[in-house]
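Enquirer: This is the structure I have questions about; it appears just below.
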Amino acid sequence: NNETGVPQLLIRDLKFEKSLAKLMFSPDQENHPSKAPVKYGELIVLGYNGSLPNGDRGRRKSRFALFKRAKANGVKPSTVHIACTPQAAKAISNKDQHSISYTLSRAQTVVVEYTHDSNTDMFQIGRSTESPIDFVVTDTVPGSQSNSDTQSVQSTISRFACRIICERNPPFTARIYAAGFDSSKNIFLGEKAAKWKTSDGQMDGLTTNGVLVMHPRNGFTEDSKPGVWREISVCGNVFSLRETRSAQQRGKMVENETNQLQDGSLIDLCGATLLWRTAEGLSRTPTVKHLEALRQEINAARPQCPVGFNTLAFPSMKRKDVVDEKQPWVYLNCGHVHGYHNWGNKEERDGKDRECPMCRSVGPYVPLWLGCEAGFYVDAGPPTHAFSPCGHVCSEKTTAYWSQIPLPHGTHTFHAACPFCAHQLAGEQGYIRLIFQGPLD
């Protein structure tokens with residue numbers, strides 16, 4: 001039976017032995033020897049399927065691990081100075097000390113000095129390649145195959161976008177703050193930036209395009225549900241969103257929420273969205289080895305093209321951008337999986353829509369690609385579903401989760417997108433169940 005035969009067979013075959021279950025939940029044995037440094041967590045950029053199009057290099061890559069530093073480099077606020085002229089403000093903020101300058105008017109600047117904190121480590125994220133930035137992030141262009149596709153776009157990501165402060169002692173709490181310190185250890189909020197005095201006499205403010213955070217409900221698991229997007233201030237306070245991304249008026253302060261990152265928290269920098277995974281959360285996530293085992297398992301079931309009767313196979317993880325001759329293709333309206341063929345390519349239709357030979361439904365016909373970035377998976381289920389319209393394949397619960405997440409797009413819109421390529425999802429639910437045809441022998 002085409003409709004049910006093979007998926008059930010595949011699912012049955014995919015219930016692995018205990019040895020594989022162990023491999024699946026091996027926290028980091030494959031990456032680190034026994035005396036591993038303490039890992040706080042990892043940041044994974046949405047829209048990349050395991051690596052940047054031109055390869056990961058140095059501080060520019062698709063995922064960044066935060067490890068405990070040999071020596072603490074965290075900072076905390078100390079002295080507040082009120083300077084009457086910008087020159088006086090410059091004199092106060094010396095190059096050897098971290099400080100945040102709030103320009104209230106031409107006549108007044110408040111400078112908050114920051115002092116060393118031996119209990120925390122600081123990591124900075126932004127577009128700048130200057131040395132204070134630990135993780136260099138550039139704008140994500142949906143489905144772009146090379147960084148050259150992104151160069152013409154005027155970036156909306158701040159050069160010094162945000163900083164994450166991690167406690168050096170258990171439970172290694174990570175907190176996020178808008179804005180990062182520049183090469184002269186300064187954060188400068190100009191006259192136009194939204195800023196204000198807090199009830200306890202401190203200063204706070206927002207960056208131009210803002211740093212948005214969403215914490216999922218029920219953690220990052222198969223039971224996860226989307227949370228509410230909030231904006232994080234320079235001092236780490238939580239606010240409802242502004243009317244548009246760079247509006248002068250700040251949102252309302254949300255008293256009962258914090259800037260503490262949880263497993264599965266999303267951080268949006270206006271041009272790129274990052275997923276935060278805790279070390280503990282990653283230890284429960286399928287490994288690349290497990291995804292490779294699922295790929296081999298699905299290929300071992302020898303799914304066939306119902307038209308050409310040729311055996312289909314998902315290409316290896318390394319060949320994830322070049323269409324292979326055995327590559328499975330899918331009709332996105334019905335989910336029937338085929339090999340590539342010219343059936344139903346009627347000239348009067350625009351080239352994208354094709355008629356499925358199995359059920360005659362008309363719709364897009366695209367190659368299928370395995371989702372290789374393990375950090376995006378909410379469970380270790382078999383690859384039975386594909387995102388529409390891009391054809392990235394992963395577990396049913398993973399497609400269901402990401403299809404519900406409204407990701408910021410531009411200055412005031414939100415839409416669901418495939419985590420592997422950042423394409424906006426289409427169709428009623430944004431994904432489809434795959435129907436494989438088994439071998440006839």
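Enquirer: Under the definition of Cα pairs under 8 Å and six or more residues apart, what whole-number percent is the relative contact order of region 255-383?
Expert: Relative contact order comes out at 22 percent.
Enquirer: Suppose R0 equals 25 Å. What FRET efficiency, 1/(1 + (r/R0)^6) with r the Cβ-Cβ distance, do A426 and F309 give to the nearest 0.05?
Expert: The value I calculate is 0.25.
Enquirer: If I take R0 = 25 Å and measure r between the Cβ atoms of K68 and T221 in this structure, what FRET efficiency does the formula 1/(1 + (r/R0)^6) give, to the nearest 0.05?
Expert: Step by step, r from the Cβ atoms, then E = 0.45.
Enquirer: Using amide H atoms built 1.01 Å from N in the peptide plane, name the residues 5+ places from R354, or on other chains, whose amide H lies under 5 Å from its own.
Expert: When sequence neighbours closer than 5 places are left aside, the close amide H contacts are G363, Y365.
Enquirer: Going out from 0 in 5 Å bins, what whole percent of all Cα-Cα distances in region 150-249 drops into each bin?
Expert: 3, 11, 17, 20, 20, 15, 9, 5, 1, 0
Enquirer: Find the relative contact order for region 237-317 and round it to a whole percent, using C-alpha pairs within less than 8 Å whose residues are 6+ positions apart.
Expert: So the answer I get is 16 percent.
Enquirer: Around F414, what is the net charge, scoring Lys/Arg as +1 and Asp/Glu as -1 over all other residues with Cβ under 12 Å from its Cβ?
Expert: Counting the neighbours of F414, the net charge comes to 0.
Enquirer: When averaged across all projection directions, what area in nm² does the alpha-carbon convex hull of the chain cover?
Expert: Answer in nm², one decimal: 23.5.
Enquirer: On to the next question. Quick one: compute the contact order of the chain, relative version, from alpha carbon pairs under 8 angstrom and 6+ residues apart, as a percent.
Expert: Dividing the mean separation by the residue count of the chain yields 16 percent.
Enquirer: Could you tell me what percent of the accessible area of the chain is made up of carbon and sulfur, with a 1.4 Å probe and every protein chain present?
Expert: That fraction is 49 percent.
Enquirer: Calculate, for T85 and K192, the FRET efficiency according to 1/(1 + (r/R0)^6) with r their C-beta to C-beta distance and R0 22 Å; round to the nearest 0.05.
Expert: My answer for the efficiency is 0.70.
Enquirer: Kirkwood-based Rg over Rh for region 288-433 (C-alpha set), two decimals?
Expert: 0.97
Enquirer: Oh, and also: Evaluate the distance, in nm, between pseudo-label points positioned 7 Å from the Cα of N256 and of C359 along their respective Cα→Cβ axes.
Expert: 4.4 nm
Enquirer: Let me ask something else. List the residues, sorted by chain then number, that are 5 or more residues from F420 or on another chain and whose placed amide H is less than 5 Å from its amide H.
Expert: Sorted by chain and number, the residues that satisfy this are G47.
Enquirer: Separation of region 94-110 and region 173-221 by C-alpha centroid, Å?
Expert: Their Cα centres are 16 Å away from one another.
Enquirer: Let me ask another. Please compute the per residue accessible area over the chain with all protein chains in place, 1.4 Å probe, rounded to a whole number of Å².
Expert: I get 47 Å² per residue for the chain.
The values are calculated or read from the model by the stated rules, or taken from the named source; none is laboratory data. All of these numbers come straight from a predicted model, not from anything done at the bench. Cβ coordinates were reconstructed from backbone atoms using ideal geometry, including for glycine residues, and neighbour counts include every protein chain displayed. Accessible surface areas use protein heavy atoms only, side chains included; no ligands, DNA or RNA. Shrake-Rupley method; radii C 1.70, N 1.55, O 1.52, S 1.80 Å.
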